[in-house]
Amino acid sequence: HAQPDDIERIAANCDAFEMEAKAKDASFDRLLELDLEFHHAIAVATHGGLLPRLVDELATVLIESRRGMFTMRGRARWSAEDHRAIVDAIAQGQPEEAAAAMTSHMDRVISVVATIGSEAAEQEEAD
């Protein structure tokens, strides 16, 4: 279970992500950095030795997909809402709700990544 300092770190990251997502001049690089930190902090909070390393490795592989997601209109705000639902469930000590919120977030991310991939393939065919 997440410890108080874990929850504090995750919540602070979520607050920073929300602020950046709402900014008129939001930095996609900053959003990406905060997103990576968010997922890493959650993995660390599980206190499962290997999970943070796996999350970091996966993040490295998916960095371009993530960058593409944040350039899509509204995507950063969706992520902020998803992150908040995850944080709230963790902070309330509701692991099932946190898992459901994370699953919903990942389903949405997978859908967006698939859309980005399809659009890129269509563009290549058109060129």
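Add +1 for every Lys or Arg and -1 for every Asp or Glu among the other residues with Cβ under 10 Å from the Cβ of ALA2, and state the total.
Numbers: positive: ARG9; negative: ASP5, ASP6, GLU8.
That sum, taken over residues with Cβ under 10 Å, equals -2.
The distance between label points at GLU81 and ASP56 comes to 3.3 nm (points 7 Å beyond Cα on the Cα→Cβ vector). Between THR46 and GLU33, what is the label-to-label distance in nm when each label sits 7 Å out along the Cα-to-Cβ direction? So the label points at THR46 and GLU33 sit 2.6 nm apart.
We did not get these values from a lab; they are worked out from the coordinates using the rules stated. Just so it is clear, the model here is predicted, and its values are computed rather than measured. All Cβ positions, even for glycine, are placed from backbone atoms using ideal geometry, and neighbour counts span all protein chains on display.
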